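Enquirer: Below you will find the structure I want to go over with you.
The values are calculated or read from the model by the stated rules, or taken from the named source; none is laboratory data. Worth saying up front: this structure is predicted, and the values here are computed from it rather than measured. Here Cβ is always computed from backbone atoms with ideal geometry, including for glycine, and neighbour counts include all displayed protein chains.
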Amino acid sequence: MSVMDTTSNFLKTIIQEDIDSGKTAKVVTRFPPEPNGYLHIGHAKSICVNFGLANEFGGECNLRFDDTNPEKESIEYVESIKRDIEWLGFEWAGEARYASNYFGQLYDWAIHLVKEGKAYVCELSADEAREYRGTLTEPGKNSPYRDRSVEESLTLLEKMKAGEMADGSASLRAKIDMASGNINLRDPVLYRIRHVTHHNTGDDWSIYPSYDFAHGQEDAIEGITHSICTLEFADHKPLYDWLLENLPVPSKPVQYEFARLNPNYSITSKRKLKMLVDEAVVEGWDDPRMPTISGLRRRGYTPTALRRFCDMTGVSRANSQVDLAMLEFAIRDELDKSAPRSMCVLRPLKVVLTNYPEDKSEIMRGPFHPQNEAMGSREMPFSREIWIEQEDFREEANKKYKRLVIGKRVRLRNAYIIEADEAIKDADGNIIEVRARVIENTVGNDPEDGIRAKGVIHWVDTATAVACSVKLYDRLFLTENPGAGDTDLMDQINPESLVELSNCYAEASLASAEVGQGYQFERQGYFCRDEASGSDLVFNQTIGLRDGQGKSFA
């Protein structure tokens with residue numbers, strides 16, 4: 001399976017040069033998520049880049065969980081991440097790895113730095129440490145504990161490890177340069193005290209390494225050749241390199257940065273996504289309105305469409321916003337070619353065909369795909385009473401209205417032409433039923449009287465239709481840059497991002513609709529059966545039939 005396009009980018013150029021020069025014998029990359037939430041569309045891009053490069057150059061890609069922050073991490077997130085990567089079509093090398101597997105080695109290296117005089121235990125509080133750090137325009141100043149003896153720092157570090165010191169009472173810091181123009185080099189924290197149970201190591205540790213201390217050393221342990229990160233880690237690269245140079249690591253990986261995926265009308269902050277979940281703005285991490293991989297899967301997006309979207313956005317060094325319509329184009333284009341056709345009435349209105357015998361029933365046939373005969377056809381029962389869409393009938397209408405009108409004709413998809421005679425209303429004046437007549441001998445034929453139908457509508461047979469629910473989705477946010485500046489993210493939620501319809505009717509062939517299979521509801525859009533609905537027949541709208549923005553990415 002091809003998982004990356006064949007176009008060049010700067011990362012491919014770097015790797016090819018490393019191979020040609022003999023610097024790299026075998027490419028080894030890694031995808032290092034923190035298990036503190038579900039993966040989102042931005043992670044999909046990183047997955048495609050890291051796994052795709054390894055595959056293209058005949059190498060390997062490791063899956064490594066950077067689980068150094070136990071307060072926010074859980075097995076639920078670990079399992080969801082594995083599931084998403086596999087669903088996207090990638091395989092990691094060997095067993096999944098964890099930063100926590102290396103805690104013993106990392107601690108030994110922390111001791112090494114202390115003994116070399118390159119790290120010390122600092123007892124500044126978090127607020128004090130911030131004050132000492134300085135600003136972007138002013139240098140920091142040395143901690144009063146910076147020059148304490150190696151022996152004292154080792155003793156305190158051992159007490160930290162043994163759980164004898166309270167959270168926040170001390171930290172292990174690298175001794176680099178408090179006047180550095182790069183704040184990441186101003187004696188960064190390597191270890192902090194956390195009396196928290198870890199999902200993988202239990203209560204074995206009372207101190208945990210910082211991401212910056214763990215990341216490069218994990219790369220070195222695993223023999224990563226190209227450590228590929230997004231641009232926000234560019235300022236961390238000098239620290240990444242400093243640690244590798246000052247520790248007896250088994251290899252020297254090199255970090256490279258590329259622009260992260262920033263789609264409009266979306267957010268890719270796990271903190272903000274978690275807020276949407278915690279405040280019940282959405283059903284959960286896999287809500288089909290969420291930009292998570294699990295949400296996109298539940299909505300009916302396919303791995304191939306998501307990978308194609310990631311390819312379309314390219315790999316560059318410059319941050320930019322990506323139009324979400326590119327992803328919508330990718331899935332619409334795929335489903336147009338592959339989705340079986342069917343009919344579903346979302347807002348039903350009953351039509352009684354008064355000249356059709358009550359005891360008669362016929363089988364109409366319709367293709368599963370009009371351009372793909374190999375997909376075959378489906379049977380659609382037809383009898384005296386059918387459902388049509390409420391919006392497909394009017395008592396009176398102008399010539400532009402091409403659907404059913406009193407005294408006018410319309411063709412039923414793959415069936416007869418009918419003519420409406422009367423609208424039946426309830427006590428409040430609402431139309432509850434339409435009386436119409438079948439025009440004989442018009443299945444696949446024009447009427448013998450020469451009066452042709454002006455339009456085509458979809459329908460389902462009331463006797464055999466299956467009841468279902470349908471969820472119509474729109475973008476979760478009303479603005480292109482939700483949460484930007486001083487705006488309140490919650491004020492930008494689209495109140496119509498979800499419309500639930502509970503009294504829908506689908507043609508009989510959809511009774512056995514498969515989860516994960518995309519269907520085109522003719523004249524409606526593309527839908528899939530909701531994987532979270534159990535035995536209930538619930539369909540999620542994936543995307544409409546055409547781009548409402550009028551854009552094309554072909």
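Enquirer: Here are the criteria: (1) in a strand (DSSP E or B); (2) closer than 26 Å to ARG546 by Cβ; (3) not acidic (Asp, Glu). Tell me which single one ASN503 does not satisfy.
Expert: Every condition holds for ASN503 apart from (2).
Enquirer: Provide a single number: the residues in segment 461-482 that are in a strand (DSSP E or B) and touching a Phe, Trp or Tyr at 6+ places or on another chain (Cβ under 8 Å).
Expert: Number satisfying all stated conditions: 8.
Enquirer: Further, regarding this structure: Which numbered condition trips up GLY450, out of (1) buried (at least 16 other Cβ atoms within 10 Å of the Cβ); (2) out of contact with any strand residue (DSSP E or B) (no Cβ under 6 Å at 6 or more places or on another chain); (3) assigned by TED's automatic domain parsing to the domain that holds LYS400; (4) not acidic (Asp, Glu)?
Expert: So the condition that GLY450 fails would be (1).
Enquirer: Consider ARG384 carefully, then state whether it is farther than 25 Å from GLU500 by Cα, in contact (Cβ under 8 Å) with a residue 40 or more places away in the chain and not small (Gly, Ala, Ser).
Expert: When the stated conditions are applied, ARG384 does not pass them.
Enquirer: Just one of (1) of a type in the set (A, V, I, L, M); (2) surrounded by 14 or more Cβ atoms within 10 Å (Cβ to Cβ); (3) outside the structural domain of ILE41 (by TED's automatic domain parsing); (4) not in a strand (DSSP E or B) trips up VAL352, so point out which.
Expert: Status for VAL352: all satisfied but (4).
Enquirer: When you go through THR201, THR135 one by one, which is the residue that is out of contact with any Pro (no Cβ under 9 Å at 6 or more places or on another chain), at pLDDT 95 or above and of a type in the set (Val, Ile, Thr)?
Expert: THR135
Enquirer: Further, regarding this structure: Can you pull out every residue in segment 149-179 that is in a loop (DSSP other than H, G, I, E, B) and hydroxyl-bearing (Ser, Thr, Tyr)?
Expert: Here is the first cut: in segment 149-179, the ones in a loop (DSSP other than H, G, I, E, B) are 149, 162-170, 175-179.
Correct list: SER149, SER169.
Enquirer: In segment 402-417, what residues are within 13 Å of ASP392 (Cα to Cα) and assigned to a strand (DSSP E or B)? Spell out the reasoning first.
Expert: Taking segment 402-417 as the starting set, the residues that turn out to be within 13 Å of ASP392 (Cα to Cα) are 402-406, 408-413.
Passing the criteria: LEU404, VAL405, ILE406, ARG409, VAL410, ARG411, LEU412.
Enquirer: Name the pairs: first residue in segment 134-163 and touching a residue at least 60 places away in the same chain (Cβ under 8 Å), second residue acidic (Asp, Glu) and part of a helix (DSSP H, G or I), Cβ to Cβ under 9 Å, at least 6 apart or on different chains?
Expert: That search, which allows pairs on different chains as well, returns nothing.
Enquirer: Could I ask something else about it? Are any of the residues in segment 331-339 surrounded by 15 or more Cβ atoms within 10 Å (Cβ to Cβ), closer than 29 Å to THR464 by Cβ and over 22 Å from the mean Cα position of the chain (by Cα)?
Expert: Scanning segment 331-339, I find no residue that is surrounded by 15 or more Cβ atoms within 10 Å (Cβ to Cβ), closer than 29 Å to THR464 by Cβ and over 22 Å from the mean Cα position of the chain (by Cα), so the answer is no.
Enquirer: Also: Does segment 83-97 contain any residue that is surrounded by 23 or more Cβ atoms within 10 Å (Cβ to Cβ) and under 16 Å from GLN255 (Cα atoms)?
Expert: Within segment 83-97, none of the residues are surrounded by 23 or more Cβ atoms within 10 Å (Cβ to Cβ) and under 16 Å from GLN255 (Cα atoms).
Enquirer: Report whether or not MET290 is closer than 18 Å to PRO482 by Cα and at pLDDT 95 or above. Step through it out loud before you land on a result.
Expert: Working: closer than 18 Å to PRO482 by Cα: yes; at pLDDT 95 or above: yes.
Against the criterion (closer than 18 Å to PRO482 by Cα and at pLDDT 95 or above), MET290 qualifies.
Yes/no per residue for (1) in a loop (DSSP other than H, G, I, E, B); (2) modelled with pLDDT of 95 or more; (3) closer than 16 Å to MET343 by Cβ:
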residue	(1), (2), (3)
ALA374	no, yes, no
PRO381	no, yes, yes
ILE386	no, yes, yes
LYS400	yes, no, no
ARG435	no, yes, no
VAL443	yes, yes, yes
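Enquirer: In segment 448-473, which residues are among the charged types (D, E, K, R) and at pLDDT below 95?
Expert: Scanning segment 448-473 gives GLU448, ASP449, ARG452, LYS454.
Enquirer: So, ARG83, is that one among the basic types (Lys, Arg), in a strand (DSSP E or B) and assigned by TED's automatic domain parsing to the domain that holds ASN246 or not?
Expert: Spelling it out, it is not the case that ARG83 is among the basic types (Lys, Arg), in a strand (DSSP E or B) and assigned by TED's automatic domain parsing to the domain that holds ASN246.
Enquirer: Name the residue that is surrounded by the fewest Cβ atoms within 10 Å (Cβ to Cβ), counting only residues in segment 26-70 that are in a loop (DSSP other than H, G, I, E, B) and among the aliphatic types (A, V, I, L, M).
Expert: VAL27
Enquirer: Right, here's the next one. Could you grab me the full set of residues in segment 236-275 that are of a type in the set (D, E, K, R) and closer than 27 Å to THR292 by Cα?
Expert: GLU257, ARG260, LYS270, ARG271, LYS272, LYS274
Enquirer: SER316 is checked against (1) assigned to a loop (DSSP other than H, G, I, E, B); (2) surrounded by 22 or more Cβ atoms within 10 Å (Cβ to Cβ) and fails just one. What number does that condition carry?
Expert: (2)
Enquirer: Kindly provide the set of residues from segment 203-213 that are in a helix (DSSP H, G or I) and either of a type in the set (Lys, Arg) or surrounded by fewer than 23 Cβ atoms within 10 Å (Cβ to Cβ) (or both), ordered by number. Spell out the reasoning first.
Expert: Of the residues in segment 203-213, the ones in a helix (DSSP H, G or I) are 211-213.
Result: TYR211, ASP212.
Enquirer: Take segment 216-263 and flag every residue that is surrounded by 17 or more Cβ atoms within 10 Å (Cβ to Cβ), of a type in the set (S, T, N, Q) and without any contact (Cβ under 8 Å) to a residue 60 or more places away in the chain.
Expert: Within segment 216-263, GLN255 is the sole residue that qualifies.
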